[in-house]
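The values are calculated or read from the model by the stated rules, or taken from the named source; none is laboratory data. All values reported here derive from a predicted model rather than from experimental measurement. Cβ coordinates were reconstructed from backbone atoms using ideal geometry, including for glycine residues, and neighbour counts include every protein chain displayed. When the accessible area is computed, the model is the full protein with side chains, heavy atoms only, and any ligands, DNA or RNA have been set aside. Shrake-Rupley method; radii C 1.70, N 1.55, O 1.52, S 1.80 Å.
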Amino acid sequence: MDLSQAPLLAAAAVVILIEWVMPLPTRYSPLALCRVIADALATKVNKSDSTDHQRTIAGFLALLTYIVLIGTLVWALLFVMPYDLVTESVLLYLSMGFHAVSNQSKDIEDALSGQQKSMARSLLAELSSIDVSKLSPLGIIKNTLEVNIMAWLSYWLMPVVLFLLVGGLASFVYAIVITAVNAWPVLNPKYNAFGALPHKFKTWFELPFTLILLPLFSVFKSSPGWLKVSLANRAHWPHQQSFTELLWLSLVAAGCKIEMAGPVMFDGEKVARIRLKAGAAPDQTAISALRHWQHRFVIFSVCLLSLFWLLANVIPK
C-alpha cells in the first residue's frame, strides 16, 4: 500500500458520504452554469440550414470553445486558491451530481405511486433531454431509470475513479466536459451531427472504465444475462448511441428484470430505438430497486476505501 495515497483515500470516502447525505441541488451546482453555456453555444452555431458535415465541425469547435471558456474560469479560481487536498475534495464534490438526480427519481416514484402522472412528468422533464409530455407511466419509469443509471456513470462513478487515479481537478474537468456532451444528445435529430464528435469522445473515454467496473457493479444485484442482452441487441442499437450506454441499460434491464430503452420523442419527432428485454414491463418499484442497488455499491466503496486507509496507516513507516 502506498502510504502517500492514504489521505486521498480518506478524502474520497468522506466526500462520497457527504455527497450522499447532502447532495448539491442541481440548480446551485456550477455544472448548471456550464449547461447554460453549452446550450448558448449550440444555439449560436448549430444551424439547421447547415450540412451534416458543417454541423459536425461546428460541434467540435463548440466543444473546444466551451472547454477554453470554462477552463479559463477554473484556472482563475485555482490561481487564487491553494491546490491542496481540501481543494481537490471540493472539486470532487462539485463533480458529483448523482444523488441530486437519485433523490428526484425517488420523488418521481412517489408521484407515480400517488397517481400524479403530471407531477411525475414535470419532475422528469428537469432531468431528461427527451420530450416527456406524452409519456405513459411505463415510459416515465423507463426514462427515469435510464437517466438515473447514466447519471450514476457520469456524475458518480467516473468522478470518483478519476479522483483516485489523477486527482480532483481531473474529476471536475471530466464533469464539465460531460455536461456539454449531455447537453447535445445525439439521439435528438437536432444534435445528431452537431454532437457526434463530442459524444464519441465520451464513448471512448468511458468504455474502458465501464468494461472494468460494470461487472463489479453487477455483483451487488443478481443480473443474469446482461452481457447476452447487450450482444444480442448490438447490431440493432442506434449508431448515434454508444456501446457504453447499451451495456449499462442492458445491466439495468437484467438486474431489475424490466424492459429498457424503446422509442423516444424529441420536439414531436419520434426516434426509433430497440427495446431491451421487450415485454418485461416494470412498475415504479424498479426505481427504488435501482437506487438501492447503487446504495449498496456506495457503501461497499466507502468500506473499501476506509479499509485501504486503515491498512496504509497501520503499516510501520
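Conditions tested, residue by residue: (1) at pLDDT 95 or above; (2) open to solvent by less than 70 Å² (accessible area, probe 1.4 Å); (3) more than 21 Å from His295 (Cβ to Cβ).
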| residue | (1), (2), (3) |
| --- | --- |
| Met1 | no, no, yes |
| Ser4 | no, no, yes |
| Pro25 | no, yes, no |
| Leu31 | no, yes, yes |
| Cys34 | no, yes, yes |
| Val45 | no, yes, yes |
| Thr51 | no, no, yes |
Residues of the stretch 219-232 satisfying the condition of being open to solvent by 20 Å² or more (accessible area, probe 1.4 Å) and either under 22 Å from Ala272 (Cα atoms) or in contact (Cβ under 8 Å) with a residue 12 or more places away in the chain (or both): Phe220, Lys221, Ser222, Pro224, Gly225, Trp226, Leu227, Lys228, Val229, Leu231, Ala232
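Considering Tyr191, Tyr174, which residue is in contact (Cβ under 8 Å) with a residue 60 or more places away in the chain, open to solvent by 10 Å² or more (accessible area, probe 1.4 Å), in contact with a Pro (Cβ under 8 Å, 6 or more places away or on another chain) and under 21 Å from Trp75 (Cβ atoms)?
Details: Tyr191 fails: under 21 Å from Trp75 (Cβ atoms).
The unique qualifying residue is Tyr174.
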Selection within the stretch 64-102 - open to solvent by less than 20 Å² (accessible area, probe 1.4 Å), more than 19 Å from Trp152 (Cα to Cα) and among the hydrophobic types (A, V, I, L, M, F, W, C): Ile70
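Hey, does the stretch 272-283 have a residue that's modelled with pLDDT of 95 or more and β-branched (Val, Ile, Thr)? Give the steps one after another, and end with the answer.
Applying the first criterion (modelled with pLDDT of 95 or more) to the stretch 272-283 yields none.
Checked against the condition, which is being modelled with pLDDT of 95 or more and β-branched (Val, Ile, Thr), the stretch 272-283 yields no hits at all.
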